[in-house]
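Student: One structure coming up, written as structure tokens, with questions to follow.
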Amino acid sequence: KAIQLKDYRPPEYLIDRTELHFDLGADKTRVTSTLTLRRNPDVTPTGKGLTLHGQEIELVSVSIDGRTLSDNDYRLDDETLTLPEAPEQFELTTVGDIDPKNNTSLEGLYRSRTMYCTQCEAEGFRKITWYLDRPDVMSEFFTTVVADEKQFPVLLSNGNLIEQGSADNGRHFATWHDPHKKPAYLFALVAGNLEHIEDTFTTMSGRDVTLKIFVEAKDLDKCGHAMTSLKNAMRWDEEQYGREYDLDIFMIVAVDDFNMGAMENKGLNIFNTACVLAKPETTTDAGFQRVEGVVAHEYFHNWSGNRVTCRDWFQLSLKEGFTVYRDATFSADMGSPTFKRVEDVSMLRTLQFAEDAGPMAHPVRPDSYIEISNFYTLTIYEKGNEVVRMLANLLGPELFRKGTDLYFERHDGQAVTTEDFVAALEAVSGRDLTQFKRWYDQAGTPKLTVTDRWDEDAGEYHLTIAQTCPPTPGQPEKQPFHIPVAMGLLGSAGSLPLKIKGQAPNPETDDNTHTVLELTEAEHTFVFEQLPEKPVPSLLRGFSAPVKLYYGYSRDDLMRLMSGDSDGFCRWDASQQLAIEVIEDVMVAYQKGEDLSGITIDGRLIEANRLLLQDDSLDKAMVALMLSLPSEAYLGEQQDEIQVEAIHHSRAAVKRALAEALKPELTQIYRAYDHGKPYRPTADDIAERSLKNAALSYLMTLNEPEMIEACEQQYRQANNMTDAIAAVGELVNSQASGAETVREQVLADFYQTWKDEPLVVDQWLRVQATSSRSNTLDVVHELEQHPAFEPNNPNKIRALVGAFTNANPINFHRADGAGYRFLGDQILRLNSVNPQIAARLVTPFTRWKRYPKAQQELMHAELERIKAEPKLSKDVYEVVSKSLV
Ligand code: ARG
Ligand code: ZN
């Protein structure tokens, strides 16, 4: 059942030209496809004829060069159409009927509210017509769409519009031509009653490109931010990578029902509304940033993905890892680099590390899969990004740019592999990256154990770094990785000059106080000379490699790093480490049965935070980040066995203790904020709001009536969604008896105000689903019946089910197993409706071995219950069966 990388064979046939004709009927859609096929001259024929992919299509007819075939000229099954006698070169016409209205999988052609749209990556095209649905078959597409003119005035596909006109019975048609050869996964079609905003972009060579964003009429006021982001991304890609856009028109369409964030179809990106629509009243700061990032991501794919695409789906990270790296550096350039880096590293360390430690662990370039949709993972995207980032940092900016130039030039119009990407970087740098490539092949998170020795007499500091990597499924043993460790040394008055014994500084990456240590063996010792005092090491600056690093910092060391390091990431990381230790102190007390109300915590955490809050010279983004306690999920990651309740209550107790100790400072920050100031989604303003809302969150733990009132006021007076939803979130979580009435009023008011804005309703669902109050599962059950909840819409599922099961540990992991049962029911319900979404929901269960025995058993039982379902989709089957091993 599993597809293996080692079985890859080039295609026996090529498709030079693809002509598609869509007749969108009231009931079915008829698809006529005419393919110009010829044998691949580079492949020795196997004599098995031609086998095309095709699923859930009702065959009307097949013909070769205009001659209709009879039933015994071809073989048809649920997944393929085979022509045993296919000629060397011919024109194949197939006619098939599909049923987009009843396509709830949201793959292929489907209906979303009032429009038709497509999602073909990875293997959705085969639900549209019979085809060689694999990324190494690239073709020139001509697409004609015919539909009712009133209902579907807008008809779109990839490339340029070459013809349009009216057809019979009140219908009309449009024909699009995409001059760039592309794999079928980049095909797109949209038909609907859409409005659009329009702009133009002049490329670096002086060509004018028309930019259009299509939405339903009600959303026309929410497109501006996406358009600005798009133009910024187009300019940035020219400046940073020398990449110019290559068609006369670039279109984005927003759809409500979408499995993922967005899709980079050539010239016609299709977006989840959640990743393109934004306006201050309805969209949070995080939402604005997401739109900017995703718009850029999909645009950047035009080169890293479309012009140069993947040979097969094992190479997925070739385009995704690289494109995430590109969008992350873009976002860093547009906003606060440290903020962006901390956000990405937090996600990686919390979620990707958990994936790497679980049953679905796979390398950045996997070597086997059952269902490719299950491999659109944090490992492919986020660890893949880290791997490209390490390469970029190892080469330095100039060589990396030369390398990407060479990669794009060598492989333009080709379908290639991660090896080809690295080869281009090797060619320009002269570096041997053979060992580095283990990052693509070996799964698991490497662990660095750092020990040191200070030789006072010699003024020498000996730093020893050992690496290991735990076993992962199918990979019991690991070879050492090539790991760049960016670092410096801190003395009592700041950075110390670095002189490493036997090593000249590397001018590409080093200055006097910063260096990159390259680990290639299981253990290395570095000796730093001529030091005036015993240093504190600042390690893994900027999170220079996706590893877990263990060094026995004292709490005083951590405070020194927090206030004195030159690297923003390390300062933040030290603040988190200090907080983790203090929370772990409280966990010990909790396990002993001590009462946590009024508990005293290590004064150093209080002092460190007081300094932060008092220092006006500090970047507000940094303060907000450092003030925020590590999430419960990240705290869980640090434990051998995840004690959900201990973590939750200890973290809450530390938060309360900090709020009590720092009440004047926090109140000052909260009061000093200008609540009436006009909204702008700039880095500075976002940082200011996030600091102010962090202060509110601390103060709300004190359960004081003035704060509940302030919170309500913030909700009522907010001119933007960030402040409004932050206040609602605090009220929803508040344990204060006085919060009850306000909470109910505010939630009702919020829904009344926003019930016609689906993306705001999502936030309303999410904020309730993530409440730590003990009746939350009951609330979730009620919300499931609420008219606001659309049971098959992925955004609604993520907002209610996903939020409850992924972001509400204390309630999801209830001791009675009711949280688990709820998730099991949802997975079974969605298994037949939308397998991709169902499989994604399984994730929390894949972690079952990380919990205490009683919880393990309950989760295991749910996995067994799901596995027993007779008609399990491939998607759910793969995740569930691998989890049960
Ligand atoms: N290529 C898209 C992106 O990352 C994601 C498409 C995922 N589709 C899927 N069926 N898993 O931009
Ligand atoms: Zn992507």
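The values are calculated or read from the model by the stated rules, or taken from the named source; none is laboratory data. Note that the structure is predicted; figures quoted are calculated from it, not measured. Neighbour counts are summed over all protein chains in view; Cβ atoms, including those assigned to glycine, are modelled from backbone coordinates with ideal geometry.
Student: Within the stretch 256-264, is even one residue outside any helix (DSSP H, G or I) and more than 15 Å from ligand 2 (Cβ to nearest atom)?
Tutor: Yes: one or more hits.
Student: For the stretch 234-243, give me each residue that is surrounded by 17 or more Cβ atoms within 10 Å (Cβ to Cβ) and part of a loop (DSSP other than H, G, I, E, B).
Tutor: R243
Student: Okay, next question. Scan the stretch 210-233 and tell me whether some residue there is of a type in the set (S, T, N, Q), within 16 Å of ligand 2 (Cβ to nearest atom), part of a helix (DSSP H, G or I) and in contact (Cβ under 8 Å) with a residue 40 or more places away in the chain.
Tutor: yes
Student: Answer yes if at least one residue in the stretch 693-707 is under 20 Å from G335 (Cα atoms) and either assigned to a helix (DSSP H, G or I) or not polar (S, T, N, Q) (or both), and no otherwise.
Tutor: yes
Student: E398 - would you say it is of a type outside the set (A, V, I, L, M, F, W, C), assigned to a helix (DSSP H, G or I) and over 14 Å from the mean Cα position of the chain (by Cα)?
Tutor: Spelling it out, E398 is indeed of a type outside the set (A, V, I, L, M, F, W, C), assigned to a helix (DSSP H, G or I) and over 14 Å from the mean Cα position of the chain (by Cα).
Yes/no per residue for (1) more than 12 Å from ligand 2 (Cβ to nearest atom); (2) among the aliphatic types (A, V, I, L, M); (3) within 25 Å of P476 (Cβ to Cβ):
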{"site": "W313", "(1), (2), (3)": "yes, no, no"}
{"site": "S346", "(1), (2), (3)": "yes, no, no"}
{"site": "F353", "(1), (2), (3)": "yes, no, yes"}
{"site": "D356", "(1), (2), (3)": "yes, no, yes"}
{"site": "M360", "(1), (2), (3)": "yes, yes, yes"}
{"site": "R389", "(1), (2), (3)": "yes, no, no"}
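Student: Which of the residues that make up the stretch 265-289 are more than 15 Å from F300 (Cα to Cα), within 16 Å of ligand 2 (Cβ to nearest atom) and of a type outside the set (A, V, I, L, M, F, W, C)? So that I can check it myself, show each step before the final result.
Tutor: The first filter runs over the stretch 265-289 and keeps only residues more than 15 Å from F300 (Cα to Cα), leaving 272-289.
Adding the requirement that they be within 16 Å of ligand 2 (Cβ to nearest atom) leaves 272, 274-276.
Across the stretch 265-289, the qualifying residue is only N272.
Student: I need the full set of residues from the stretch 145-189 which are β-branched (V, I, T) and under 24 Å from G413 (Cα atoms), in order please. Even if it seems obvious, please write down each step before you answer.
Tutor: We begin by selecting, within the stretch 145-189, every residue β-branched (V, I, T); these are 145-146, 154, 162, 175.
I162, T175, listed by residue number.
Student: Going by what's in this entry, would D246 be described as in contact (Cβ under 8 Å) with a residue 60 or more places away in the chain, assigned to a loop (DSSP other than H, G, I, E, B) and away from ligand 1 (no atom under 15 Å from the Cβ)?
Tutor: On the way: in contact (Cβ under 8 Å) with a residue 60 or more places away in the chain: yes; assigned to a loop (DSSP other than H, G, I, E, B): yes; away from ligand 1 (no atom under 15 Å from the Cβ): yes.
Against the criterion (in contact (Cβ under 8 Å) with a residue 60 or more places away in the chain, assigned to a loop (DSSP other than H, G, I, E, B) and away from ligand 1 (no atom under 15 Å from the Cβ)), D246 qualifies.
Student: Here is a further query. When you scan the stretch 533-562, how many residues do you find that are farther than 19 Å from S346 by Cβ and either hydrophobic (A, V, I, L, M, F, W, C) or assigned to a helix (DSSP H, G or I) (or both)?
Tutor: Number satisfying all stated conditions: 6.
Student: Has the stretch 295-306 got at least one residue that is out of contact with any Lys or Arg (no Cβ under 7 Å at 6 or more places or on another chain), of a type in the set (S, T, Y), at pLDDT 95 or above and more than 14 Å from ligand 1 (Cβ to nearest atom)?
Tutor: There is no residue in the stretch 295-306 that is out of contact with any Lys or Arg (no Cβ under 7 Å at 6 or more places or on another chain), of a type in the set (S, T, Y), at pLDDT 95 or above and more than 14 Å from ligand 1 (Cβ to nearest atom).
Student: Which number in (1) within 16 Å of ligand 2 (Cβ to nearest atom); (2) farther than 27 Å from M138 by Cβ marks the one condition that P397 misses?
Tutor: Only one criterion is unmet by P397, namely (1).
Student: Could you please let me know if G321 is at pLDDT 95 or above, in contact with a Ser or Thr (Cβ under 9 Å, 6 or more places away or on another chain), among the small types (G, A, S) and away from ligand 2 (no atom under 16 Å from the Cβ)?
Tutor: Here the answer is no, as G321 does not meet what is asked.
Student: Right, another one. Taking strands (runs of 3 or more DSSP E) that fall entirely within the stretch 428-504, which contain at least 2 residues that are over 36 Å from the mean Cα position of the chain (by Cα)?
Tutor: So the answer is 447-455, 460-468.
Student: Anything in the stretch 769-804 that is assigned to a helix (DSSP H, G or I), closer than 23 Å to E107 by Cβ and of a type outside the set (K, R)? List them, or say none.
Tutor: P794, N795, I797, A799, L800, V801, G802, listed by residue number.
Student: Among the residues of the stretch 161-192, write down those that are in a strand (DSSP E or B), over 29 Å from Q315 (Cα atoms) and not aromatic (F, W, Y).
Tutor: Restricting attention to the stretch 161-192, the residues satisfying the condition of being in a strand (DSSP E or B) are 161-166, 171-182, 189-192.
Retained after the next criterion (residues that are over 29 Å from Q315 (Cα atoms)): 161-166, 171-176, 191-192.
L161, I162, E163, Q164, G165, S166, R171, H172, A174, T175, A191, G192, listed by residue number.
Student: Still on this structure, I have one more. Do we find that V801 is surrounded by fewer than 23 Cβ atoms within 10 Å (Cβ to Cβ) and out of contact with any His (no Cβ under 7 Å at 6 or more places or on another chain) in this structure? So that I can check it myself, show each step before the final result.
Tutor: Working: surrounded by fewer than 23 Cβ atoms within 10 Å (Cβ to Cβ): no; out of contact with any His (no Cβ under 7 Å at 6 or more places or on another chain): yes.
Answer is no for this residue.
Student: Hey, among E56, E107, which residue is touching a residue at least 40 places away in the same chain (Cβ under 8 Å), more than 16 Å from ligand 2 (Cβ to nearest atom) and at positive phi?
Tutor: Residue meeting the stated conditions: E56.
Student: To continue, here is another question. From P471, P446, grab the single residue that is at pLDDT 95 or above and surrounded by fewer than 16 Cβ atoms within 10 Å (Cβ to Cβ).
Tutor: One residue alone meets the criteria, P471.
Student: Only one of K266, K279 is of a type outside the set (S, T, N, Q), touching a Leu at 6+ places or on another chain (Cβ under 8 Å) and either under 25 Å from D684 (Cβ atoms) or within 15 Å of ligand 1 (Cβ to nearest atom) (or both); which?
Tutor: Answer to the check: K266.
Student: Return the residues of the stretch 361-392 that are of a type in the set (S, T, N, Q), surrounded by 22 or more Cβ atoms within 10 Å (Cβ to Cβ) and more than 12 Å from ligand 1 (Cβ to nearest atom); say none if nothing qualifies.
Tutor: Residues of the stretch 361-392 of a type in the set (S, T, N, Q): 368, 373-374, 377, 379, 385.
Next, from what is left, pick out any that are surrounded by 22 or more Cβ atoms within 10 Å (Cβ to Cβ): 373-374, 377, 379, 385.
T379, the sole residue that qualifies.
Student: Here's a follow-up. Is one or more of the residues making up the stretch 559-568 touching a Leu at 6+ places or on another chain (Cβ under 9 Å), over 25 Å from T515 (Cβ atoms) and among the aliphatic types (A, V, I, L, M)?
Tutor: no
Student: Still on this structure, I have one more. Which numbered condition in (1) more than 30 Å from the chain's Cα centre (by Cα); (2) crowded, with 16+ Cβ neighbours inside 10 Å; (3) modelled with pLDDT of 95 or more is the only one that D510 fails?
Tutor: (3)
Student: Out of all the residues in the stretch 307-325, which are surrounded by fewer than 23 Cβ atoms within 10 Å (Cβ to Cβ) and either at positive phi or within 11 Å of ligand 1 (Cβ to nearest atom) (or both)?
Tutor: W313
Student: Taking the condition of being closer than 17 Å to A661 by Cβ and in contact (Cβ under 8 Å) with a residue 60 or more places away in the chain, how many residues in the stretch 586-614 meet it?
Tutor: Of the residues in the stretch 586-614, 1 are closer than 17 Å to A661 by Cβ and in contact (Cβ under 8 Å) with a residue 60 or more places away in the chain.
Student: Would you mind stating whether E19 is assigned to a strand (DSSP E or B), farther than 30 Å from N831 by Cα, out of contact with any Phe, Trp or Tyr (no Cβ under 8 Å at 6 or more places or on another chain) and among the acidic types (D, E)? First the steps, then the outcome.
Tutor: Details: assigned to a strand (DSSP E or B): yes; farther than 30 Å from N831 by Cα: yes; out of contact with any Phe, Trp or Tyr (no Cβ under 8 Å at 6 or more places or on another chain): no; among the acidic types (D, E): yes.
Judged against the criteria, E19 is not a match.
Student: Identify all residues within the stretch 282-292 that are within 15 Å of ligand 1 (Cβ to nearest atom) and either in contact (Cβ under 8 Å) with a residue 60 or more places away in the chain or crowded, with 24+ Cβ neighbours inside 10 Å (or both); write none if there are none. Before you say what the answer is, go through the steps one by one.
Tutor: Residues of the stretch 282-292 within 15 Å of ligand 1 (Cβ to nearest atom): 290-292.
Within the stretch 282-292, V291, E292 meet the criteria.
Student: Among the candidates L496, L540, L490, which residue alone is in contact with a Leu (Cβ under 6 Å, 6 or more places away or on another chain) and under 24 Å from S628 (Cβ atoms)?
Tutor: Result: L540 is the single residue among L496, L540, L490 that is in contact with a Leu (Cβ under 6 Å, 6 or more places away or on another chain) and under 24 Å from S628 (Cβ atoms).
Student: Return the residues of the stretch 636-673 that are in contact (Cβ under 8 Å) with a residue 40 or more places away in the chain, over 28 Å from the mean Cα position of the chain (by Cα) and assigned to a loop (DSSP other than H, G, I, E, B); say none if nothing qualifies.
Tutor: L662
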